[in-house]
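Below: one structure, written as structure tokens.
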Amino acid sequence: MEKNKILVTRPQLPPLNEFIPLLEDIWDSRWLTNNGKYHQEFETQLATFLGVPYVSLFSNGTLALMAALQCLKIKGEVITTPFSFVATTHSLWWNGIKPVFVDIEPDYCNLDPKLIEAAITPETTAILPVHVYGNPCELDEIQHLADRYGLRVIYDAAHAFGVKYKGSSVLNYGDLSILSFHATKVFNTIEGGAIICHDLKTKRRIDYLKNFGIADETTVVAPGINAKMNELQAAYGILQLKYFDSAIDGRQHITEKYRKGLKDIVGVRYLENPVDVDYNYSYFPVFIDESEFGRSRDDVYEELKKHNIYGRRYFYPLISEFSAYRGLPSAKGLDIAFEISRQVICLPLYPDLADEVVDLVVSILLGMQEDRKEVPVKIGNQNNRKID
Ligand code: T4K
């Protein structure tokens, strides 16, 4: 039963026979971590691959976020989105920064730049937007606001590995961007992450911060942390780069198949690729409009589970609903994010997902809609369902 479960994602691994010689080399060298040769090589290759100036590897995306905030000495209040994985806001909390939630726009579920200005106070120092599902935020508008108010911008680009806007990496926007290479991401190093920055001085500072602030044997220049990626993961990451493009092709194929299958189902919305964007097909969220589809998002979630298909409700509940944050004044009135979080379900998506699974998901959704059509029309329907 466990084995037959179709989960929302399945990590892509490099061929084991290619990894073993690298492991043997690491075994021979006895150099396991602390800026080893694979770490250095992976940073160089990644920068070229992504088309960015500098990459600093981390042991995960959360520590990369925390260190990015430290690097820019961010304090006070930071404007961010409630529609993300909790790590985005937790990184602020761990730095003693007050999160200020601003609602999202309904199309791509990213921070709504039109609402940012009203949330700026004398305490605001930065904006922490997220490229949710890998779809870029309104990059130019956010930068314009940041310039106008003297704010820093740190992008949580955990979902945006390989995404380009107008031919250039989205990671080139803002002051810093962070990536996650967690097992569930389009590009994984088992666990892992990175900060992308624009100049060598900043990279040096980031590199100190991820290694206890150590500059040399007798000098500690900052209260750093331990957030280094080890040699095994760096070697694994170098191998993964070779397979990224084919993985994206596989994801694109599955995404297009879903879109084709779902296009005529009323009340099921999916995202098209944004204009001017080379997308990475990292997630396939669908949004269930209960009043049109006749069944709720949770009905869909449960129905899929009956067929051993485990979608995930990323991101439900909102971060602003969790106990640590719900007392904040900005946790209220996030109407669009609230609505979207009740509609969204991410369907299984990974490069080698079988076409038959997509067909099954589509037929389950079609079947649910058919069932709805058979519901007799009642006057004053308690569920407020629209009957075609
Ligand atoms: N910012 C954003 C916007 C993020 O989305 C994340 C992480 C971060 C920051 C922080 O980056 P990291 O510190 O994680 O590098 C998962 C991931 O753990 C998390 O990395 C990710 N976002 C988040 C969106 O998803 P869960 O709690 O959903 O993970 P889990 O264990 O339930 O796994 C999800 C699915 O993947 C399951 O169906 C099982 C499958 N899976 C999972 C693992 C770990 C596998 O098939 N193999 C595996 O090895 O959080």
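Nothing in this text is a laboratory measurement; each read-out follows from the coordinates by a stated rule. Worth saying up front: this structure is predicted, and the values here are computed from it rather than measured. Positions of Cβ are generated from backbone atoms using ideal geometry, with glycine treated the same way; all protein chains shown enter the neighbour counts.
Things to note:
- Net charge dipole size for the range 244-371 [Lys, Arg +1 and Asp, Glu -1 on Cβ; Debye, nearest 20]: 480
- Partner aspartates and glutamates whose Cα lies under 19 Å from the Cα of Lys201, excluding those fewer than 8 positions away in the same chain, are identified as Glu43, Asp175, Asp216.
- Within the shell defined by Cβ-Cβ distances under 11 Å, the residues around Arg205 carry a net charge of +3, with Lys and Arg each +1 and Asp and Glu each -1.
- All C-alpha pair distances within the chain, sorted into 10 Å bins from zero, spread as 5, 22, 30, 25, 13, 4, 1, 0 percent across the bins.
- Rounded to the nearest 20 debye, the dipole size of the range 6-239 about its Cα centre is 280 debye, using +1 on the Cβ of Lys and Arg and -1 on the Cβ of Asp and Glu.
- Proximal charge balance of Ser320 [Cβ under 9 Å; K/R count +1, D/E count -1]: +1
- When only alpha carbons are used to place a centre, the range 306-377 and the range 170-191 end up 24 Å from one another.
- Glu141 sits among other residues whose Cβ lies under 13 Å from its own Cβ, and their net charge, with Lys and Arg +1 and Asp and Glu -1, is -4.
- Charge dipole of the chain about the Cα centre (unit charges at C-beta), most positive-ward option of Gly267, Leu365, Gly76: Gly76
- Of Lys166, Lys185, Lys98, the one that fluctuates the most in a GNM where the chain has Cα springs shorter than 10 Å: Lys166
- Between the range 195-214 and the range 21-52, the C-alpha centres lie 17 angstrom from each other.
- Kirkwood's formula applied to the C-alpha pairs of the range 95-238 gives a hydrodynamic radius of 16.8 angstrom.
- Set Lys73/Lys98; Lys5/Lys242; Lys260/Lys305; Lys73/Lys203 screened for pairs whose C-alpha atoms are more than 25 Å apart: Lys5/Lys242
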